[in-house]
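Written out below as structure tokens is the structure these notes cover.
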Amino acid sequence: MITVEEARALLFDLVSPLASEEVPLTDAAGRVLARDVSATRDQPPFAASSMDGYALKSAEVELHAMFKVIGESAAGRRFEGRVGAGQAVRIFTGAPIPEGADFVVIQEDTDRRGDLITITEEPGPKTNIRPAGIDFTAGTTIQAPRIIRPEDVALMAAMNIPTVPVARKPVVALISTGDELVMPGDEPGPDQIIASNTFGLKAMLESAGAQVRILPIAKDTVASLEAAFGLAAGADLVVTIGGASVGEYDLVADVSQALGMERSFYKIRMRPGKPLMAGRLGQTAMVGLPGNPVSAMVCGYLFLLPMVRRMLGIEQVLMPFQRAQLAEPIDKNGPREHYMRAVLSEDGIRACADQDSSLLSVLAQANALLVRDPHDPARAKGDEVLYLPI
Ligand code: AMP
Ligand code: MG
């Protein structure tokens, strides 16, 4: 059996960064920028007023000084003339500063009678002018790779970038296996349960930027599993759920092997999720997750999400561990690395009482996975431990 770290290295060998595609700016949020993009213009493209007021010469600014208003500069419509001595131009936020002016007295510091204004309050040293290119200049770049945030979308729009090169979304096909499973909304028989893992994993992987296809549930027969693998064609990653253990109905290993899977590994020294297999089926990476719902979800966090991030070209594929103090003591750990469902709150981190890997209700209450090394000794309240937020 290999460690989580060794498993990850092998899993990363199965996938590589995908090609890029162009999407409209309106669809870019949440995608991964694949190439640097750069501004095609300066912002602002001209020196602009940052306030409503009067543009004039700074050398003439003093309390009680009077000026003749000779025109108006509005946002989108500049004053074409020149400001001379003793003259002012009415100006609004975002409007170009007229030639000859180098100061904006804010409206609140003036009194206007007809064409004349008087400075009635000490204006202070601030010019209220935004120099041309103060935000960015032509050629300023936004660097790839990065997950595009709403703020980046706004910046790209201002830079006049209407389409954005992003990493293609990795296509992940999810296959649930088991005669006992039906889809949510279906009528389960007395010995049946509802397939849950596929839906949790779809949500998890899509929030990380994958495009997920849930395939029909495969029965515990060779023919049904083969048919499911057939439907997964074209995916970048095929994930089976369940059937990965050693029971009579655990057919995933046999069937995938018969279809030509080159196995990379089987079994990881961890809890939950020991029976995890991985390999390559032609061009497609394949991961066989254990069926227990908590195992499948935890393996999703630990293995599938980093694989998706790698395909997206994201540099930081692993979420860094965080530190917290135990709010309650915990027992010594066994021989396998353990990812315990835990709740982090203001008074520290607390491992959930029941760590059975079938309990989705416990997982849904948890907001952290408390990470234990193999043979980690018992820990006392207040001890520092590592965790991953979920
Ligand atoms: P298996 O690995 O197929 O032996 O499954 C282990 C346990 O997980 C069994 O109790 C299954 O019923 C359950 N299980 C397997 N797949 C799923 C699934 N997609 N959703 C919910 N439970 C599942
Ligand atoms: Mg099964």
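The values are calculated or read from the model by the stated rules, or taken from the named source; none is laboratory data. These numbers were taken from a predicted model, which means no experiment stands behind them. Note that we place each Cβ from the backbone using ideal geometry, even for glycine, and neighbour counts take in every protein chain shown. Heads up: the accessible areas ignore ligands, DNA and RNA and are worked out on the full protein's heavy atoms, side chains in. Shrake-Rupley method; radii C 1.70, N 1.55, O 1.52, S 1.80 Å.
Among Met270, Met307, which is farther than 26 Å from Leu18 by Cβ and open to solvent by less than 10 Å² (accessible area, probe 1.4 Å)?
Values: Met307 fails: farther than 26 Å from Leu18 by Cβ.
Going through Met270, Met307 in turn, just one is farther than 26 Å from Leu18 by Cβ and open to solvent by less than 10 Å² (accessible area, probe 1.4 Å): Met270.
Restricting attention to region 34-57, which residues are of a type in the set (Ser, Thr, Tyr) and surrounded by 18 or more Cβ atoms within 10 Å (Cβ to Cβ)?
The first filter runs over region 34-57 and keeps only residues of a type in the set (Ser, Thr, Tyr), leaving 38, 40, 49-50, 54.
Matches in region 34-57: Ser49, Tyr54.
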Exercise for review: Within region 197-241, track down each residue that is assigned to a loop (DSSP other than H, G, I, E, B), within 26 Å of Val317 (Cβ to Cβ) and within 15 Å of ligand 2 (Cβ to nearest atom).
Suggested key: none
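Between Thr127, Thr118, Thr141, which is in contact (Cβ under 8 Å) with a residue 12 or more places away in the chain, open to solvent by 30 Å² or more (accessible area, probe 1.4 Å) and in contact with a His (Cβ under 8 Å, 6 or more places away or on another chain)?
Working: Thr127 fails: in contact with a His (Cβ under 8 Å, 6 or more places away or on another chain); Thr141 fails: in contact with a His (Cβ under 8 Å, 6 or more places away or on another chain).
Exactly one of Thr127, Thr118, Thr141 is in contact (Cβ under 8 Å) with a residue 12 or more places away in the chain, open to solvent by 30 Å² or more (accessible area, probe 1.4 Å) and in contact with a His (Cβ under 8 Å, 6 or more places away or on another chain), namely Thr118.
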Study note, to complete from the structure: Only unsatisfied item for Ala278, checking (1) within 16 Å of ligand 1 (Cβ to nearest atom); (2) on the phi > 0 side of the Ramachandran plot, is (2)
Check your understanding: Counting only residues that are open to solvent by 10 Å² or more (accessible area, probe 1.4 Å), part of a strand (DSSP E or B) and in contact with a helix residue (DSSP H, G or I) (Cβ under 9 Å, 6 or more places away or on another chain), how many does region 162-176 have?
Key -> 1
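For region 24-60, how many residues meet the condition of being of a type in the set (D, E, K, R), assigned to a loop (DSSP other than H, G, I, E, B) and farther than 24 Å from Gly139 by Cβ? Before the answer, list the steps.
Our first condition is that a residue be of a type in the set (D, E, K, R); within region 24-60, this holds for 27, 31, 35-36, 41-42, 52, 57, 60.
From the residues that got through so far, the ones that are assigned to a loop (DSSP other than H, G, I, E, B) too are 31, 35-36, 41-42, 52, 57.
Adding the requirement that they be farther than 24 Å from Gly139 by Cβ leaves 52, 57.
Qualifying residue count for the region: 2.
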Exercise for review: Answer yes if at least one residue in region 290-300 is farther than 17 Å from Val172 by Cα and open to solvent by 30 Å² or more (accessible area, probe 1.4 Å), and no otherwise.
Suggested key: yes
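If I filter region 232-248 down to residues being within 16 Å of ligand 1 (Cβ to nearest atom) and open to solvent by 30 Å² or more (accessible area, probe 1.4 Å), which single residue comes out as nearest to the chain's Cα centre (by Cα)? Give the steps one after another, and end with the answer.
Here is the first cut: in region 232-248, the ones within 16 Å of ligand 1 (Cβ to nearest atom) are 232, 238-248.
Those left that are additionally open to solvent by 30 Å² or more (accessible area, probe 1.4 Å): 245-248.
Working: Ser245: 33, Val246: 37, Gly247: 38, Glu248: 41 Å.
Per the stated criteria, the residue is Ser245.
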Exercise for review: Could you identify the single residue in Ala95, Ala132 that is open to solvent by less than 70 Å² (accessible area, probe 1.4 Å) and in contact with an Asp or Glu (Cβ under 6 Å, 6 or more places away or on another chain)?
Suggested key: Ala132
Exercise for review: Note down all Cβ pairs under 7 Å where the first residue falls in region 346-375 and is in contact (Cβ under 8 Å) with a residue 60 or more places away in the chain, the second is polar (S, T, N, Q), and they're at least six residues apart or on different chains.
Suggested key: Ser357/Asn292; Ser357/Ser295; Ser358/Asn292; Leu360/Ser196; Pro374/Asn333
Review point. What are the residues in region 3-33 that are more than 20 Å from the chain's Cα centre (by Cα) and surrounded by fewer than 17 Cβ atoms within 10 Å (Cβ to Cβ), if any?
Key: Thr3, Glu5, Glu6, Ala9, Leu10, Asp13
